[in-house]
Amino acid sequence: MRFDIITVLPKLLDSPFAHSILQRAQNKGLCEIHVHNLRDYAVNKQKSVDDYPYGGGSGMVMQIAPFAACIDQLISERNYDEIIYMTPDGETLNQEIANGLSSGENFIILCGHYKGIDQRIRDIYVTREISIGDYVLSGGELPAAILVDAIVRVIPGVLSDETSALSDSFQDGLLDAPIYTRPVDWNGHKVPDILLSGHEAKITAWRHEQQLIRTKQRRPDLLND
Ligand code: ADE
């Protein structure tokens, strides 16, 4: 799988992809992440990529030309499954969306800044608009990193224990059961006896029951779905 991320702040994306599971996925050759500096595609000497909004109003708008130049270059080199724009007014990311995208091959992700991007970029190029939640961040870089992480961790072979992505919260529409490790007793706070019983079927049943209880308490909307 290949991601091409277009941003004015490429450095912001150095760290999220350089550690842990995302780094291992790249080292194993299961995914490539290419970050493109939008300013390299600016058309004027000042290397500006934004301008004042037509019709007035506060904030700057990212211009179409630099995005178009970068996207045109990429789509001349390979086919892309989706050209995704990270935006608070997109569809809200969830596990189902991440699972669905994980069967794709190539993705372009556009990161907006300032007031947003010229609508014509969305009309002409963007095939999917994704939000990571109902709040506004300063730019699309952190949302892009979150999207890539959510997709990459469910690519088969990325996690060493393949079943562990399947047991994540949300994979079966439920939140995860509580988990414990040593010590058995921390200042009188004990690990539930059932987890020490060695009785696999009973442990599975207990975990499922805990998932239902937790989901009902914290996210009843998931049960209604
Ligand atoms: N850019 C700014 N806020 C965002 C959000 N909540 N989701 C996706 N992209 C964004």
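When ASP81, ASP89, ASP72 are checked against the criterion of being touching a Leu at 6+ places or on another chain (Cβ under 8 Å) and either open to solvent by 50 Å² or more (accessible area, probe 1.4 Å) or free of Cβ contacts under 8 Å to residues at least 40 places away in the same chain (or both), a single residue qualifies: ASP81. Scanning segment 111-137 for residues that are more than 13 Å from the ligand (Cβ to nearest atom) and surrounded by fewer than 16 Cβ atoms within 10 Å (Cβ to Cβ) turns up GLN119, ARG120, ASP123, ILE124, THR127.
Would you mind stating whether GLU105 is of a type in the set (D, E, K, R) and either within 11 Å of the ligand (Cβ to nearest atom) or surrounded by 19 or more Cβ atoms within 10 Å (Cβ to Cβ) (or both)? So GLU105 fails the test. For segment 138-156, the candidate set comprises residues that are touching a residue at least 40 places away in the same chain (Cβ under 8 Å) and near the ligand (Cβ under 9 Å from one of its atoms); within that set, the residue that is farthest from PHE17 (Cα to Cα) is GLY139. Within the group ASP161, ASP168, ASP172, which residue is modelled with pLDDT under 95, open to solvent by less than 60 Å² (accessible area, probe 1.4 Å) and under 27 Å from THR215 (Cα atoms)? It is ASP168.
Hey, any hits in segment 106-120 for a residue that's among the small types (Gly, Ala, Ser) and without any contact (Cβ under 8 Å) to a residue 24 or more places away in the chain? Taking every residue of segment 106-120 in turn, none turns out to be among the small types (Gly, Ala, Ser) and without any contact (Cβ under 8 Å) to a residue 24 or more places away in the chain.
Would it be correct to say that GLY57 is without any contact (Cβ under 8 Å) to a residue 60 or more places away in the chain, loosely packed, with under 15 Cβ neighbours inside 10 Å and assigned to a helix (DSSP H, G or I)? Show your work before the answer.
Working: without any contact (Cβ under 8 Å) to a residue 60 or more places away in the chain: yes; loosely packed, with under 15 Cβ neighbours inside 10 Å: yes; assigned to a helix (DSSP H, G or I): no.
Criteria not met by GLY57.
Whether a residue is over 18 Å from GLY140 (Cα atoms), exposed (fewer than 12 other Cβ atoms within 10 Å of the Cβ) and among the polar types (S, T, N, Q) was assessed, and SER20 passes this test.
Taking segment 75-180 as the region of interest, the helices (runs of 4 or more DSSP H) fully inside it that hold 1 or more residues being under 16 Å from ILE5 (Cβ atoms) are 95-101, 119-124, 141-152.
Scanning segment 142-158 for residues that are more than 28 Å from ILE213 (Cβ to Cβ), within 17 Å of the chain's Cα centre (by Cα) and open to solvent by less than 30 Å² (accessible area, probe 1.4 Å) yields PRO143, ALA144, ALA145, LEU147, VAL148, ILE151, VAL152, ILE155, VAL158.
The values are calculated or read from the model by the stated rules, or taken from the named source; none is laboratory data. Since we're looking at a predicted model, the values are computed, not measured. Note: ideal-geometry Cβ built from the backbone for every residue, glycine included; neighbour counts use all protein chains shown. When the accessible area is computed, the model is the full protein with side chains, heavy atoms only, and any ligands, DNA or RNA have been set aside. Shrake-Rupley method; radii C 1.70, N 1.55, O 1.52, S 1.80 Å.
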